[in-house]
Every structure is written in structure tokens, then in C-alpha cells.
Amino acid sequence: MPSLGAIDCCTGTATEAAEPSSPRLGRGKRTVDLRQGEIDLGDNFVKPAGYEVVQRFVEDLRRLGRRHGAGFYDYPATGRKRLWSGLTALYPPALEQPTVEEIRARILSVQALETARCFEEDVITEVADADLGSILGWGFPTWTGGTLSFIDTVGLDRFVQICDRLTGLYGNRFEVPAGLRRRAAEGRPYHERVASAVAGA
């Protein structure tokens, strides 16, 4: 998955804008090796959003992340981490900034979409495993119940509408896979048994 900080940078979003929401959005919970997908997929690898930003930080700036004391943040020996002061010089914020709600929609939706694609392609076959894996594996916020539960909670029709809007604004990483679109049209949530039980209660 692409670095969320890198996506912020390459879309002109001031990284500070997302900071108040970070704990709720599950940011900074896990370290992800962004090169592994490229190694595994070879010629079939498609560069994710923010790839060039991460490449620049790692290869040119040698700001390798928390373990090395410098990344998107500075990690002083004493005191709290703070955003690196050089960020705005490298990636000036756009004049018009998205709202916190828009940032939240982008960050949560793109992760949920990737899970929906994996479910559609049988990379993962159990809804509960997808939800649990997203929370424990990379820190998707626990209040959502997991990525597929998040889609169910938002409502499949509404989620598809949100992603269609985001696709128009930010590109095809928000494109809804055919299986999810079909599921929404048929009114079939991922947690069908739970939905049926609630409806019958």
C-alpha cells in the first residue's frame, strides 16, 4: 500500500491538515515495505500514488523513517516527533486545502477498495479475515470494524458514490471494482448473515 504521507505530498495536501485525525485514521501504526510489491510482481508492478515521493525520501534524501531518526518526521532524542521542516519546501501545499472530512474519506476509502479487490480476486476468501487483517496487519482504525465492515457501515450504494466522486477528482486508484459495484446493485453487504439477523430482529 502506498505511504499515506506520500500521497498527501504529491496531491498538495498539507500534511499538518491530517494530523488531528491521525489516531482515528490509523496512520503511522505499521511499517510497510513498499518495494516488496515491485519485487514480487516484476513487470506487472504498477507504481502506486506517492511512489516517487517515497523513492525521493529513501534514495535521494536518505530519510528512511523512524528507525533511522528521520523521514516525514524528525525524531529528536528528547521530546515528541515533529513534521520535518523541509517538507513544505519540497512539496508546497496547494492554495486550496481539502477538509479533514475529505482527507478521511480518501484515506479510508482507498484502503477499503484494495480489500474489496483482494476479496473479489480470491486473495482473501473470508470477510472476517479481511476485517481482522486490516486492523491487526496495518492499523486500519478499530472503530470501523475493519475495511469490509467499513464499506457495510457506510452503505454499499453510498460507498460506491463516494468512490466515483473521488475517482473523478483524484484518479483511478479510487475506481470501484466490478464485483463491488455489482454487490451494491444487488444490495448484498459483505456481512450478509449479520445484516439478515439485524433485519429479522
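Bear in mind these aren't lab numbers, they're just calculated from the coordinates by the rules spelled out. Worth saying up front: this structure is predicted, and the values here are computed from it rather than measured. Cβ placement follows ideal geometry from the backbone for every residue including glycine, while neighbour counts extend to all protein chains displayed.
Modelled spin-label separation between Glu52 and Val100, with each label point placed 7 Å from Cα along the Cα-to-Cβ direction: 3.2 nm. Applying 1/(1 + (r/R0)^6) with R0 = 41 Å to the Cβ-Cβ distance of Glu175 and Arg80 gives a FRET efficiency near 0.60. Once backbone amide H atoms are built at 1.01 Å from N, Tyr73 has Trp84 as its partners under 5 Å, excluding neighbours fewer than 5 places away on the same chain. Remark: spin-label model distance Arg165-Leu41 equals 2.8 nm, labels positioned 7 Å along the Cα→Cβ axis. Among 106-114, 72-80, the peptide with the highest mean count of other Cβ atoms within 10 Å heads the list, and the full ranking is 106-114, 72-80. Of the peptides 36-46, 140-150, the order by per-residue mean of other Cβ atoms within 10 Å, starting with the highest, comes out as 140-150, 36-46.
Counting other Cβ atoms within 10 Å as a rough exposure proxy, the listed residues Ile103, Ile151 run Ile103, Ile151 from fewest neighbours to most.
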